[in-house]
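Heads up: the structure comes next, in C-alpha cells.
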Amino acid sequence: MARQEQISQIIVTAQQMRDIEARIFAAGMPVAALMEKVAGLIARRIQDIYPNVRQGGQGGEGGQGGHEVKRVGVFVGPGHNGGDALVVARELHFCGYDVKIYSCFSKLKELTSQHLLYTQSLGIPCYESIEQLSDCDLLIDGLFGFGLERRLVDAIAKAINQINSWSKPIVSIDLPSGLHTDTGEVLGTAIRATHTFCLGLWKLGLLQDHALEYVGSCELIDFDIPLADVQAVVGDVNKIHRITQTTALSTLPLPRPAVTHKYKEGHLLLICGSRRYSGGAILTGLGARVSGVGMLSIAVPESLKPLLVAQLPEALIIGCPETETGAIASLQLPENTDLSSFDAIAIGPGLTGDTTPIVQQVLECDRPLILDADALNILAHMGTIATLQKRQAVTILTPHAGEFKRLFPNVPDPMKDRVRAVREAAHSCGAIVLLKGARTAIANSQNSVWINPQSTPALARGGSGDVLTGVLGGLLAQAKSKHISVEEIVATAAWWHSQAGILAAQERTELGVDAFTLTNYFIPVLASAWKELN
Ligand SMILES: NC(=O)C1=CN([C@@H]2O[C@H](COP(=O)(O)OP(=O)(O)OC[C@H]3O[C@@H](n4cnc5c(N)ncnc54)[C@H](O)[C@@H]3O)[C@@H](O)[C@H]2O)[C@H](O)CC1
Ligand SMILES: [K+]
C-alpha cells in the first residue's frame, strides 16, 4: 500500500506524536529544519487557497478557494506551534502579503523567540493587542498545537473569543488552538477554524464529534515522517484506524467471481418491523438490497407481509405470528429452516420493546448477529455484558448515543471522548460496537478502533440507521467466503453509508436526504469510486 495511503489511515494521540517526533530528532533531524520544512508546506498551501490579491488570484475571483487576501494576521503562541506560525508569517511576507503578528506571551521557546526576532528584523510588526489585527483578511492560528495541556484562561482566552467574533477566515496550524489533542474537548475556549492543517499524522481530537464545529475543513500536511518511526510508536496494539475509500473498496465484495450463484453470495435474515413501525422493516430491507447480498429473508409480523412483498419482491418475506400490539410474537421460519440456515442475522429496526423472547432466541444462536434499535434496548434490559459474555459468535451492536448509554451505563460519557467510550464498551462485552455520530467510531474487544472521518448532517433523519443495519447485514452475510475481518466490514458499511449521504446531499441539499432516498445513492457512489479505482 502506498505510503501516503498508509499515513492517511493512521490516527495518533499527542503522546504518540511527541514520541514519533522524538525519534526523528534523535535520528539527527534538527528541530529547526523540520519546522522550516513543515511551515514551508503550510505557507504554500495557504497561497493556493488564499492567493495574494497583489499577484492576482488564479482563475475565477481568486485561488482554489476563490478567496484573495492582502492582509494576514498571525497569532503566535509560546511553543513550536507559534514557531511554525512565525515561519509562515515570514514566508508570506516575502511573497508580498501584508503580515502582522500578535503574541501576548513573555516566555517563548528558544526557537520560537529566534523566529520572532527575525520577523521583527524584517519589519513585520508584532502587537500585544489583538485589535491591531482586526483589519486582516485572513488569520493564522499558531497559538497552540498538540502541546496544549490545560484550560485557556485570562488574556489568551479573551483574545481567542475576540478572534472568533470577527468571523474572518481562520487557518489553524495542527489543531484549532484550545482543542484537546486527543478528546477534541474545548479547554476553556477554542479557535473556530475555517480550515485546519493537521501536521504529519491525523490527531485523534480532530475526529471527535464535538470538535467538528471548531475544525472546519481539514487536511493533512504530510512532511515525510518515516513509516518505521510511526510503526515503532503506534504499533498494532490500541491502533486507531482512519477509514478511507481504499480500505472500504478493498473490503466490498467486488469484483464477484465469474462463476457464482445466489446462495454463494450470502443469505441474510432480517428480523424487524411491527404494525406500529412498518417503515423500519422496509428501510432495513432496502439497505440489505443495495449490499448485493445473494439471498434476503425478512421476518416481520404477518400483517406486514403484503407491504414488504410489494416493496421487496426479490426478498423472502416470512410472515410471523403477532402479538395484540402487532409485534412479532414468535419466529415462524419456513420448513427445514432454522437460524443456522443463514449467514448473518440482523435484528431490531421497528421491532418495538415487546419482542424480548425473539431477541433472546437469536442471541442464543451461533450466527453472526447485528443488534440495532429496539433489540439494543431489550439487550440493555437483559444486561448487556452478562448476556453477551455467553455468546461465542460474532456480535455487532450499532447504537446511537442514547442507546449506547443504556447499553453501557458505566462506561465514560461518550460526549467527552467517544473513542475511549466505544473502546471500553467493546472491551467490556466482547462485541464489536459501532457508535453512530458525525464521526462514527467502531471498536472491537481488542482495543482497536476505526473512525469514519467524513459524513453529513443530512443523515440525521429517522430511518437512516435502519438502512445502515440492512447494508451492514448484507455485507456481513457475503463475507463468509472472503478473508476479511468483521471489523473492516463494519467500517466499510459506515463509510459507504456516509458517502451515499454525502453524494445525496450534494445533489439534493442536506434537507433532501430522507432514508428512502438515501438508499438510491449507495450504488452511484460505489460505481464512481469503483470506476476511479479500475
Ligand atoms: N509533530 C511534529 O513533528 C512537529 C510539530 N511542530 C509544531 O510543534 C507543535 C507542538 O509544539 P509544542 O511546543 O510542544 O507545543 P505547542 O506549540 O502546542 O504549545 C504549547 C506551549 O504552550 C504552553 N501551554 C500549554 N498549555 C497552555 C495554556 N493553557 N496556557 C498557556 N500556555 C500553555 C506549553 O508550556 C508549551 O510551551 C505542533 O503542534 C506543531 O505545530 C513542529 O514545528 C513541526 C514538526
Ligand atoms: K493552532
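The values are calculated or read from the model by the stated rules, or taken from the named source; none is laboratory data. Since we're looking at a predicted model, the values are computed, not measured. Backbone-built Cβ (ideal geometry, glycine too); neighbour counts: all protein chains shown. Just the protein is used for accessible areas: all its heavy atoms, side chains included, with ligands, DNA and RNA removed. Shrake-Rupley method; radii C 1.70, N 1.55, O 1.52, S 1.80 Å.
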All but one of (1) open to solvent by 20 Å² or more (accessible area, probe 1.4 Å); (2) under 17 Å from the mean Cα position of the chain (by Cα); (3) among the small types (Gly, Ala, Ser); (4) more than 18 Å from Ala493 (Cβ to Cβ) hold for Ala421; state the number of the condition that does not hold.
(1)
Residue check for Gln120: under 36 Å from the mean Cα position of the chain (by Cα) and either under 18 Å from Tyr50 (Cβ atoms) or away from ligand 1 (no atom under 16 Å from the Cβ) (or both):
no
I'd like the full set of residues that are of a type in the set (S, T, N, Q) and open to solvent by less than 10 Å² (accessible area, probe 1.4 Å), limited to the stretch 292-315.
Ser297
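Yes/no matrix, rows are residues, columns are (1) at pLDDT 95 or above; (2) open to solvent by less than 50 Å² (accessible area, probe 1.4 Å); (3) assigned by TED's automatic domain parsing to the domain that holds Val88:
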| residue | (1), (2), (3) |
| --- | --- |
| Ile10 | yes, yes, yes |
| Arg18 | yes, no, yes |
| Arg23 | yes, no, yes |
| Val38 | yes, yes, yes |
| Gly56 | no, yes, yes |
| Gln64 | no, no, yes |
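Are any of the residues in the stretch 428-437 over 27 Å from Val12 (Cβ atoms) and either in contact (Cβ under 8 Å) with a residue 60 or more places away in the chain or surrounded by fewer than 24 Cβ atoms within 10 Å (Cβ to Cβ) (or both)?
Step one: list which residues in the stretch 428-437 are over 27 Å from Val12 (Cβ atoms), which gives none.
No, because not a single residue in the stretch 428-437 is over 27 Å from Val12 (Cβ atoms) and either in contact (Cβ under 8 Å) with a residue 60 or more places away in the chain or surrounded by fewer than 24 Cβ atoms within 10 Å (Cβ to Cβ) (or both).
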Can you pull out every residue in the stretch 206-223 that is touching a residue at least 60 places away in the same chain (Cβ under 8 Å) and within 30 Å of Gly28 (Cβ to Cβ)?
Glu219, Leu220, Ile221, Asp222, Phe223
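Do any strands (runs of 3 or more DSSP E) entirely within the stretch 150-236 hold 2 or more residues that are open to solvent by less than 20 Å² (accessible area, probe 1.4 Å), hydrophobic (A, V, I, L, M, F, W, C) and within 12 Å of ligand 1 (Cβ to nearest atom), and if so, which?
Correct list: 195-199.
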Residues being under 30 Å from Asp354 (Cβ atoms), open to solvent by 20 Å² or more (accessible area, probe 1.4 Å) and in a helix (DSSP H, G or I) - total across the stretch 237-281:
2
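Kindly check whether there is at least one residue in the stretch 328-338 that is in contact with a Ser or Thr (Cβ under 6 Å, 6 or more places away or on another chain) and among the hydrophobic types (A, V, I, L, M, F, W, C). Write out each step before concluding.
Filtering the stretch 328-338 for residues in contact with a Ser or Thr (Cβ under 6 Å, 6 or more places away or on another chain) gives 328-329.
Then keep just the ones that are among the hydrophobic types (A, V, I, L, M, F, W, C); that gives 328-329.
Yes, the conditions are met somewhere in the stretch 328-338.
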Specify the residue that is nearest to Tyr50 (Cα to Cα); the eligible residues are those in the stretch 132-149 that are more than 11 Å from ligand 1 (Cβ to nearest atom) and open to solvent by less than 10 Å² (accessible area, probe 1.4 Å).
Leu138
